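Engineer: Here it is, the structure, as C-alpha cells.
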Ligand code: FES
Ligand code: FES
C-alpha cells in the first residue's frame, strides 16, 4: 500500500527521484509535512471557539498549504494533483 | 528557511538521502503527507457538527498520523520529533 502510494506520488517525476524514494519504506512519513506555516513555532496549534463561527459551514486546512491557514483555501487540490495524495479539509458545520 | 527545514528533516538519516532532497527546492511539498488514512478515497474530508461536540475541548488531527483520525491522538509529537516538523491539531472549543 505504502509502496504503491510512493510510486503514485512519483508519477510524472524523474526516475531517479522515484528510485530513491522506493529504497526507503518510510519516505512518506519521514519528511516534514508543513513547508512554511509558522516555522518559528515549535508546534502550530489553532483554536476555534465554535460558538463564534460566522458561517453555516467553514473549512479548516489539513494540508498545510493554505494561504489563509488555518482556513482552507483550496490549495489541497494542487497538492493532491502534484503528489497523488488524497488530503482534504475538516468541515465545521453549525 | 525551506532548505534549513529539509536539512533538519534529514537529521540522523543517510547523507545520500539528504543530498537528494537538497537538490529539489520542492522536496517537502512534493510528497504525499498522508501515508495511510483512507487511501481508497480520492479526498479525505471530515465534517464536525459543532452542536454535537461532547467535550469542552476536542483536538482534531492535522498530521495524518493519528490512530483515531479525524481526532488527534498525540501522534504529531512523534512525527515532529522524527522529522523536525512543527505540526499540531486544530482545537475545537465549545
Ligand atoms: S487548503 Fe489545506 S486542506 Fe484545503
Ligand atoms: S495526532 Fe495528528 S495532529 Fe495530533
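Engineer: Please check which bits of segment A:51-84 a label hung off residue B:47 would reach, taking the label as a point 7 Å along Cα-to-C-beta and the cut-off as backbone N under 19 Å.
Structural biologist: Only A:51, A:53-62, A:72-74 fall inside the zone, counting backbone N under 19 Å.
Engineer: Can you classify segment B:35-79 as rounded, prolate or oblate using the Cα gyration tensor, where a ≥ b ≥ c are the square roots of its eigenvalues, rounded means a/c under 1.5, and otherwise it's prolate if a/b beats b/c and oblate if not?
Structural biologist: Oblate shape, in that a/c is at least 1.5 and b/c is the bigger or equal ratio.
Engineer: List the distances, in nm to one decimal, from the label point of residue A:55 to the label points of the same position in every other copy, shortest first, placing each label point 7 Å from Cα along the Cα-to-Cβ direction.
Structural biologist: 2.8
Engineer: Label-to-label distances across copies for residue A:68, with labels 7 Å out along Cα→Cβ, in nm, shortest first?
Structural biologist: 3.1
Engineer: At residue A:94, label 7 Å along Cα→Cβ: distances to the other copies, nm, ascending?
Structural biologist: 1.9
Rule-based calculations on the coordinates, nothing more; no lab input. Source: prediction; values computed, not measured. For neighbour counting, all protein chains shown are included, and Cβ atoms are generated from backbone atoms with ideal geometry for every residue, glycine included.
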